[in-house]
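Scroll down for the structure; my scribbles are underneath it.
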Amino acid sequence: MNRKNKTTNRPEQDDEVLIRSFLSDNSDAFDRLVVKYRDMIFNLCFRIVNDYDDANDCAQETFIKVYRNIQQFRFQSSFSTWLYRIAINTCRNRIASSGNRARKKMLRIDNPGEPGSETVEIHDCSFNPDSVFEKNEQARLIHQAIDALPEELKVLVVLRDLEGNSYEDIADITGVNLGTVKSRLARARHLLRELLREVI
């Protein structure tokens, strides 16, 4: 009984069992990894690329890369950290494409209602009709402000303030040293305050 509790309390241990099982030709084990992490990876991708279809493509591409390269995973960090790193690099490649660069330049937060400014839809699951508009509007403005940040700052804000990762995990995921992560996050938050001061 105690042994079972120890296993269920260690998600990285569960991941290791599934990975080793998959590497031993159990394809169901990989399916279980996908089911476990697909929502987390889609949400991460959506917060970075700010487009439902692009996020879906990035999430799928992430799992394809994992499938093809999982034998290179060395169990030196948690599987989720490795997975985040692949997802972020996939999103960076998507953002670097010319179509996404052009769209990103069109985002505005100064007068978001003006013609020609792009809006980002964020679906609110609340059933209180009085607060839906206000919440959606604020969320949209915040997402636009985050999207307006330079890419290296945006990724850190998403990982820390939206995804809730520790500074140490972010340093591991991004390959940026801990002190730089903290100083860049401070700069990103200052920029966000400036961008949002006039609109919220």
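Since every read-out is calculated from the coordinates, none of them should be taken as a lab result. Note that the coordinates shown come from a computational prediction; the quantities given were computed from them, not determined experimentally. Counting neighbours? That spans all protein chains shown, and the Cβs are built from the backbone with ideal geometry, glycine included.
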*Sorted by average packing, counted as other Cβ atoms within 10 angstrom per residue and highest first, what order do 75-85, 181-191 take?*
75-85, 181-191
*asked:* At a 10 Å Cβ-Cβ cut-off, how would you order ILE142, ILE170, fewest neighbours first?
replied: ILE142, ILE170
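Could you order peptides 30-36, 153-159 by the average number of other Cβ atoms within 10 Å of their residues, highest first?
Put in order of decreasing packing, that is 153-159, 30-36.
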*Please give, to one decimal in nm, the separation of the simple spin-label points placed at ARG92 and ALA139, each 7 Å out from Cα toward the Cβ.*
2.9
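Going by C-beta contacts inside 10 Å, put ILE64, ILE86 in order with the fewest on the left.
Details: ILE64 12, ILE86 18.
Sorted ascending by nearby Cβ count, the order is ILE64, ILE86.
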*Using a Förster distance of 41 Å, how high is the FRET efficiency between VAL35 and LEU178, based on the Cβ-Cβ distance and rounded to 0.05?*
0.80
*Rough spin-label spacing in nm, given labels placed 7 Å along Cα→Cβ, for VAL17 and ILE70*: 1.5
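Tally Lys/Arg at +1 and Asp/Glu at -1 over every other residue whose Cβ is under 10 Å from the Cβ of ARG32; what's the total?
Values: positive: LYS36; negative: ASP14, ASP15, ASP28, ASP31.
Combined, the nearby Lys, Arg, Asp and Glu give -3.
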